[in-house]
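Chemist: I am attaching a structure below and will ask some questions about it afterwards.
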Amino acid sequence: MYRSHHCGALTAAHIGTGVQLAGWVAKTRDKGFMLWIDLRDRYGITQLVLDEERSDSKLLETAKRIGRETVIQVSGTVLEREAKNPNMPTGDIEILVTSIDVLSPAQTPPFTIEDNTDGGEDLRMKYRYLDIRRTPVQQSLLFRSKVALLVRNFLAEHAFVEVETPYLIKSTPEGARDFVVPSRMNEGQFYALPQSPQTFKQLLMVGGMDKYFQIVKCFRDEDLRADRQPEFTQIDCELSFVHQNDIMACFESLLAFLLEEIHGVTPKPFPVISYEDAIKTYGNDKPDIRFGMTFTELNDLAQNKGFQVFDAQELVVGIAVPDAASWSRKQIDAWVNWVKRPQVGANGLVWVKCNEDGSYKSSVDKFFDADGLSKWAEACDAKAGDLILVMAGNANQTRTQLSALRMALAEELGLRKPDEFAPLWVVDFPLFEKDEETGALHAMHHPFTAPKPEHLKKLESDPTAVIAQAYDLVLNGNEIGGGSIRIHDRITQEKMLSLLGFSEEEAKAQFGFLMDAFRYGAPPHGGIALGFDRLVAILDGKETIRDYIAFPKNNSGRDVMIDAPAPLDTDQLDELALIVKPKPE
Ligand code: ASP
């Protein structure tokens, strides 16, 4: 027996008991005549003690030589501590050690294994197994496991069946590039890793599984943005004989259940807002609705009043920043400069202070009198003490820029509270996005998404006006899930692929299997996938998903611990019939 108890288990109730513990030496304190060791395992820390009076002198000498992170097994007796530590579960006791076995020696670790470590990100990733010993990382992984279990239990209770779908498949388009795997047995041919199990889960519906789920890895070879992982986990689901509302109700209950279980809050029912309204009100299709600062269009009140900067623009739009009328010119100028940075790219910012005494002071006083500005304030629902910020320009760009400003201001003002949860649904997405340059149509969700039945007629005549039966689940400014009702007849699916630019042959080669399946009785179906890594992070009040992945990749898609990706040796390349062109000198 290695241990009778874990390092987090012993309390005053155990005083006088003989115990065995095993774990890592977190810290030692050597007072010469007395030695304390903090012994750590996943469950906690227990203080060990040896001294000249009560311990064997050889044992004390051995113990003094044991370095940090050495793995030891000890036997001893539980004693009441003289100086109790109420901040730790085992703070009432210590173990008077009678024997120590070194199970595994340890070199000095490259960074301290403590809550606040001195190790930088790169070093911690290289030695991720040591990082995982640290309590915050361990807590994150335990939290992830807890959420996964809650999700599984919920879905199982709602009759979902967990089915594994293959990883070695053919391209399933979700708008990214595929990671590919060469097939040794089929020279010159490649599998693609799934960007999602989309087509398989639809085939499971054709197969009569009725309700499917899987907590599953997906792979997307995208240019990496901060905090994106090339492989990530989805809670992937599909249901038969359902309408959009059925799916939304089901996954609203799932998220409400998680929020209730984890935080004791039930923000039900979730608001539902159309894509168009989301863009107009927040400049963003994944709005953070924990705070206001909603957009007000000011074209009627601000144009043709002599201020030419506004007159020629497609959109003049403002937000009211709460209690910011007291900001100094310097503070306001800092935000003006902030929006002019290339990352945001705005031309500037017009500001109006709605002073407490009812007067106005603005950067456009020359063009607008108090009466004019009071109309802006009324439209923006600005109260005395608020600051109105206004942008103008091309509608799409200006909304995006003002949205960036709204989020940055909220961050600065502490309005993005991590312990507040404001989920919502965004619905009525357009079916297609049009490439401004080439005029080509792209699926806004994916090519299997069904249009609203009443929009089917417009599919060919006016495709960009077609609204999809698609929905996104948004939490605190993050898209945490998205799904749709699917096309389940061959003719519509063929038409859709042709509108997306697939020739008949290409469509058949890539998705023939799906369209063939639709010949054999496909039930109406739809589904959703939630981004599990992000969901877990947000539920834990954090935004960095990397902390919730045991072995994440860095921003260049590398695993720096195992040093992947790596070149293959020539034999392997030969076997796979892959020729790598030498790089030009
Ligand atoms: N396959 C979709 C995705 O990965 C989700 C869905 O439509 O169910 O985003």
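The values are calculated or read from the model by the stated rules, or taken from the named source; none is laboratory data. Just so we're clear, the structure is a prediction, and the values are computed from it rather than from any experiment. For neighbour counting, all protein chains shown are included, and Cβ atoms are generated from backbone atoms with ideal geometry for every residue, glycine included. The protein model used for the area step is the full one, side chains on, heavy atoms only, and it has no ligands, DNA or RNA in it. Shrake-Rupley method; radii C 1.70, N 1.55, O 1.52, S 1.80 Å.
Chemist: Tell me, what HN-Hα J-couplings in whole Hz come from the Karplus equation 6.51 cos²θ - 1.76 cosθ + 1.60 at θ = phi - 60° for each residue of segment 322-328, using x for Gly and Pro?
Modeler: Values per residue, Gly and Pro as x: x, 6, 10, 5, 7, 4, 6 Hz.
Chemist: Where does each of 111-118, 39-46 land if you order them by average Cβ count within 10 Å, highest first?
Modeler: In decreasing order of mean packing, 111-118, 39-46 become 39-46, 111-118.
Chemist: Taking a cut-off of 18 Å between Cα atoms, list the lysines near LYS361, but don't count ones fewer than 8 places away on the same chain.
Modeler: The reachable lysines, counting only those whose Cα sits under 18 Å from LYS361, are LYS305, LYS330, LYS353, LYS375, LYS383.
Chemist: Still on this structure: Across segment 524-531, in residue order, what do the Karplus-derived ³J(HN,Hα) couplings come to in whole Hz, using 6.51 cos²θ - 1.76 cosθ + 1.60 with θ = phi - 60° and x for Gly and Pro?
Modeler: Whole-Hz 3J(HN,Hα) from phi for segment 524-531: x, 8, x, x, 7, 9, 9, x.
Chemist: For the chain, restrict the atom set to alpha-carbon positions and state the Rg and Dmax in Å.
Modeler: Over the chain's Cα set, Rg and Dmax evaluate to 30.2, 93 Å.
Chemist: Summarise the accessible area of segment 99-209 (1.4 Å probe, protein heavy atoms) by the percent that is carbon and sulfur. Provide the component values of the computation, followed by the final result.
Modeler: On the way: 3180 of 6180 Å².
The value for segment 99-209 is 52 percent carbon and sulfur by accessible area.
Chemist: Okay, moving on. Report the far tail of the P(r) of segment 373-466, meaning the percent of Cα-Cα pairs longer than 15 Å.
Modeler: Details: 3346 of 4371 pairs.
Considering segment 373-466, 77 percent of its Cα-Cα pairs are separated by more than 15 Å.
Chemist: Mind listing the phi-derived Karplus ³J(HN,Hα) values for segment 30-47, rounded to whole Hz, using 6.51, -1.76 and 1.60 with θ = phi - 60°, and x for any glycine or proline?
Modeler: Here the 3J(HN,Hα) series is 10, 9, x, 7, 9, 9, 10, 10, 8, 9, 10, 9, 4, 8, x, 10, 10, 7 Hz.
Chemist: Further, regarding this structure: May I ask you to rank TRP425, TRP338 by accessible area, largest first, using a 1.4 Å probe over the protein chains only?
Modeler: From most exposed to least exposed: TRP338, TRP425.
Chemist: In deg cm²/dmol and to the nearest 500, what is the mean residue ellipticity at 222 nm of the chain if only DSSP H runs of at least 4 residues count, each as -39500 (n - 2.57), divided by the residue total? Don't skip to the answer; put the middle values down first.
Modeler: Values: 17 runs with 169 residues, N = 585.
Roughly -8500 deg cm²/dmol at 222 nm, from the helical runs in the chain.
Chemist: Taking a temperature of 4 °C and a viscosity of 1.567 mPa s, what whole-number D in µm²/s does Stokes-Einstein yield for segment 106-233 with Rh from Kirkwood over alpha carbon pairs?
Modeler: On the way: Rh = 18.0 Å.
The Stokes-Einstein estimate is 72 µm²/s.
Chemist: Still on this model: Would you grab the residues whose amide H sits under 5 Å from the one on GLY481? Only those 5+ places off in sequence or on another chain, please, with H modelled 1.01 Å from N.
Modeler: Here the answer is LEU473, GLY531, since their amide H atoms fall under 5 Å of that of GLY481.
Chemist: Moving to a separate point now. Considering only protein heavy atoms, what per residue accessible area in square angstrom results for the chain with a 1.4 angstrom probe? If you can, show how the numbers build up before the last one.
Modeler: Working: 29570 Å² over 585 residues.
Accessible surface, normalised per residue, equals 51 Å².
Chemist: Taking Rh as the Kirkwood radius computed over C-alpha pairs, what is the Stokes-Einstein D of segment 231-358 at 10 °C in a medium of viscosity 1.306 mPa s, expressed in µm² per second? Kindly include the intermediate steps, with their values, before the conclusion.
Modeler: Working: Rh = 19.0 Å.
Answer from the Stokes-Einstein relation: 84 µm²/s.
Chemist: On a 1.4 Å probe surface of the protein chains, which of TYR212, TYR520, TYR129, TYR360 comes out largest in accessible area, and what is the full order? Show your work: numbers first, answer last.
Modeler: On the way: TYR212 0, TYR520 180, TYR129 120, TYR360 65 Å².
Descending accessible area places them as TYR520, TYR129, TYR360, TYR212.
Chemist: Under a 5 Å amide H to amide H cut-off, with H placed in plane at 1.01 Å, what residues pair with SER362 once short-range neighbours are removed?
Modeler: LYS353
Chemist: Please report the Cα spread of segment 1-139 along all three principal axes, rounded to whole Å, starting with the longest.
Modeler: Principal extents (Cα only, largest first): 45, 31, 30 Å.
Chemist: Excluding same-chain residues fewer than 8 positions from LYS434, which aspartates and glutamates have a Cα within less than 13 Å of its Cα?
Modeler: Within the straight-line cut-off, LYS434 pairs with ASP462.
Chemist: Continuing with the same structure: Please report the carbon-and-sulfur percent of the accessible area for segment 466-585; probe 1.4 Å, protein heavy atoms only, DNA, RNA and ligands left out. Don't jump to the answer; show the numbers that get you there.
Modeler: On the way: 3160 of 6060 Å².
Carbon with sulfur: 52 percent of the solvent-accessible area.
Chemist: Going Cα to Cα from LYS366, which aspartates and glutamates come in below 18 Å? Please leave out same-chain ones fewer than 8 positions away.
Modeler: List returned: ASP311.
Chemist: Determine the principal axes of the Cα atoms in segment 429-550, then give the extent along each, sorted from largest to smallest and rounded to whole angstroms.
Modeler: Cα spread of segment 429-550 along its principal axes, largest to smallest: 46, 36, 27 Å.
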